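Report on the following structure.
The values are calculated or read from the model by the stated rules, or taken from the named source; none is laboratory data. All figures in this text were calculated on a predicted structure; none of them were measured in a lab. Reconstructed Cβ throughout: ideal geometry from the backbone, glycine too, with neighbour counts over all protein chains shown. SASA here: full protein model, heavy atoms, side chains in, ligands and nucleic acids out. Shrake-Rupley method; radii C 1.70, N 1.55, O 1.52, S 1.80 Å.
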Amino acid sequence: MSNLHPQQRQQRILDLLSSQGFTRTQGLIAALGASGATVRRDLEVLAAQGQLERLHGGAAPLSRDIRYLERQSQSAGAKQALAELACDLIAPGQTVYLDAGTTARAVAAALRTRPALTGTLRVVTHGLDVAYELNGECCLYVVGGEVYGSTYSLTGPDALRALEQYTYDLFFVGCTSIDPERGPTNSNLTEAHQKSAVMARSARTVLIADSAKWGVRGFAPFAGFAELHGWVTDAAPAEARRVMAAEGVQVQSVT
């Protein structure tokens, strides 16, 4: 049985719908490890809030664009603060891979305020939003592929072939959630594979994720804690610090 709080469980449902489109109720029950009655109640709550559409046998997202804008506004202050901290880890002249997603976009926006540093960098990304922020600010490479609308990212076999041509000094990787037992996870398996591929070619991998993502069991793990070199966050719970310290992960938090 799922140990998630209702809000965490409902966010997980939205993440699944965002990555998969229409999803049958039985599939949600299996993914969440919750009872049928619990999942159906969650779907009713989310439908009443206008966050999904109930269909026969399951549910579907209303709009991927709206979902992205919602995520961009979630923990906006925390993302901005941790983005500034992340920029302090970058050395002039490095090749930096910036993940896709709203937290990575916050890092890109923070880099724009540091032109003396940013102008020396080579940045690679598969995030359309990240590329938009950094266009004209640095030496910028955009990995091509299929557009995944939920995160404004480019994914799939073409993206994997492109990113595997290079090596990276530093990879800022985002996640959907951080499972205390399984490590950082993503709601989409294709993007999880992409993150793993970048990690394999990076000298250092630093997780960028706000504290709200800690303790949530996700769908697709893409790394163990021991594979991370650091975690930049707004505030790290005591349990998170213990887990990270045991695996040798350096935690840097705003508070």
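The table that follows gives values for the structure above.
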item	result
Matching residues in segment 11-37 - criterion: being part of a loop (DSSP other than H, G, I, E, B) and under 16 Å from V216 (Cα atoms)	G33, A34
Test: residue in segment 186-195 that is touching a residue at least 24 places away in the same chain (Cβ under 8 Å) and among the aliphatic types (A, V, I, L, M)	yes
Hey, R204 at pLDDT 90 or above and not in a helix (DSSP H, G or I) or not	yes
Strands (runs of 3 or more DSSP E) wholly inside segment 92-144 containing at least 3 residues that are in contact with a strand residue (DSSP E or B) (Cβ under 8 Å, 6 or more places away or on another chain) and under 14 Å from V198 (Cβ atoms)	95-98, 122-125
Residue match in segment 200-211 (condition: open to solvent by 30 Å² or more (accessible area, probe 1.4 Å) and under 16 Å from the mean Cα position of the chain (by Cα))	yes
Matching residues in segment 161-181 - criterion: being surrounded by fewer than 22 Cβ atoms within 10 Å (Cβ to Cβ) and out of contact with any Phe, Trp or Tyr (no Cβ under 8 Å at 6 or more places or on another chain)	R161, A162, E164, Q165, T167, D169, D179, E181
Residues of segment 231-247 that turn out to be open to solvent by less than 20 Å² (accessible area, probe 1.4 Å), part of a helix (DSSP H, G or I) and in contact (Cβ under 8 Å) with a residue 40 or more places away in the chain, as a count	1
Members of segment 77-91 that are modelled with pLDDT under 95 and either within 18 Å of Y152 (Cβ to Cβ) or touching a strand residue (DSSP E or B) at 6+ places or on another chain (Cβ under 6 Å) (or both)	K79
Residue in segment 145-165 that is among the aromatic types (F, W, Y) and at pLDDT 90 or above present	no
Segment 166-185: number of residues that are free of Cβ contacts under 8 Å to residues at least 60 places away in the same chain, within 17 Å of D15 (Cβ to Cβ) and not in a strand (DSSP E or B)	2
